[in-house]
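Participant: Below you will find the structure I want to go over with you.
Read-outs throughout are calculated quantities, based only on the coordinates presented, and are distinct from any laboratory measurement. All of these numbers come straight from a predicted model, not from anything done at the bench. Backbone-built Cβ (ideal geometry, glycine too); neighbour counts: all protein chains shown.
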């Protein structure tokens, strides 16, 4: 069966000349509407699905993104893999603005965001020690190196609430944790993707040095956007290369079976209406 690659990122990322059979889906979910309409297209025999994380025109703060609706909509439309494109600040000298980073781990410093599909009568707990898909990460790294992009792997991404950038004290604290990069959107995306049994990875685009360097000005939105725009073409090429190689992945990772043994509630105690509503997420195990 062909894999389906979902992309969450900026709306400009799906301007791919190679994308064929483009359709628009206006999806609603039990958690409300996703950030944008879902754009569907085809590259070879791989279907792609795109959501603009911050909405058309970038109108949603990181805290305002309806992460549950985004993941639910993509899963409902058949996604098997999810590639999250994010701008990040660097916490390491060697990760320069313009570099690509493929994190393996996250430190979640967000608060108040809806971070689970469980609840409403279904109690469950998924394993999350390794929050990203090793197969998808390795594919990203291989494609980035083959295109001679400077790329860092096995990194740790701090996810902060925002929307303000870090204080210098916070930036130095995160560096003391040996974290590599900092951003605002990978959580709870990664947690929800795991519950939805999607193979998830972040392709992070380094835009600045956060604010820890004494000899640098504080990070500004203008600097971030200028570097991010220069990275958009890299991200497009990475999406194309990933899509063209996606069917090489065997899905022998644990991601497609993440819900095995995770649901604690007896099926007889789950309302039929809840089972039906949540079928795109929990249907395999309920």
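Participant: Once both axes come from the Cα atoms, what is the angle between helix 186-195 and the longest principal axis of the chain, in degrees from 0 to 90, rounded to 10?
Facilitator: That works out to roughly 30 degrees.
Participant: Starting from the coordinates of the alpha-carbon atoms of region 75-160, obtain the Kirkwood hydrodynamic radius over all distinct pairs and give the value in Å to one decimal. Mind dumping the intermediate values first?
Facilitator: On the way: mean 1/r = 0.0652 Å⁻¹.
Final number for the Kirkwood radius of region 75-160 is 15.3 Å.
Participant: Any idea what the relative contact order of region 4-282 is, in percent, if you count C-alpha pairs under 8 Å spaced at least 6 apart? Intermediate results must be reported in sequence, preceding the final value.
Facilitator: Values: 565 pairs, mean separation 71.2, N = 279.
Reported as a whole number, the value is 26 percent.
Participant: Roughly speaking, what is the centre-to-centre gap between region 57-104 and region 246-286 when only Cα atoms are used, to the nearest Å?
Facilitator: Each part reduced to its Cα centre gives a spacing of 23 Å.
Participant: Give me the angle, in degrees from 0 to 90, between the Cα long axis of helix 221-245 and the longest principal axis of the Cα atoms of the chain, rounded to the nearest 10.
Facilitator: 50 degrees
Participant: Stokes-Einstein D for region 20-81 at 4 °C, 1.567 mPa s, Kirkwood Rh over Cα pairs, in µm²/s? Let's see the in-between values first.
Facilitator: Working: Rh = 12.0 Å.
D = 108 µm²/s.
Participant: Suppose we keep just the DSSP beta bridges with both residues in region 4-282; what percent of those would be antiparallel, to 5? Intermediate results must be reported in sequence, preceding the final value.
Facilitator: Details: 16 of 47 bridges.
Of those bridges, close to 35 percent are antiparallel.
Participant: Taking the chain as a Gaussian network, where each spring joins two C-alpha atoms under 10 Å apart, which residue of 156, 202, 275 fluctuates the most?
Facilitator: 275
Participant: Arranged from highest to lowest average of other beta-carbon atoms within 10 Å per residue, in what order do the peptides 178-188, 61-71, 158-168 appear? Please report the intermediate quantities before stating the final value.
Facilitator: Working: 178-188: 23.2, 61-71: 20.9, 158-168: 17.3.
Ranked by mean Cβ neighbours within 10 Å, highest first: 178-188, 61-71, 158-168.
Participant: Taking the DSSP beta bridges in region 1-60 as the whole, what percent of them are antiparallel, to the nearest 5? Spell out each step's value before the answer.
Facilitator: Details: 10 of 16 bridges.
About 60 percent, rounded to the nearest 5.
Participant: How would region 39-185 be classified by its alpha-carbon gyration tensor: rounded, prolate or oblate, with rounded meaning a/c under 1.5 and the a/b versus b/c comparison settling the rest? Can you show the working numbers first?
Facilitator: On the way: a/c = 1.55, a/b = 1.13, b/c = 1.37.
Oblate, since a/c reaches 1.5 and b/c is not below a/b.
Participant: Extension gain residue 56-residue 149, at 0.36 nm per residue separation less the Cα-Cα distance, in nm?
Facilitator: On the way: separation 93, 0.36 × 93 = 33.48 nm, distance 2.86 nm.
Contour length minus the Cα-Cα distance gives 30.6 nm.
Participant: Would you compute, from DSSP H runs of 4+ residues alone, the mean residue ellipticity of the chain at 222 nm, taking -39500 (n - 2.57) per run and dividing by the full residue count, rounded to the nearest 500?
Facilitator: Working: 7 runs with 77 residues, N = 286.
Rounded to the nearest 500, the figure is -8000 deg cm²/dmol.
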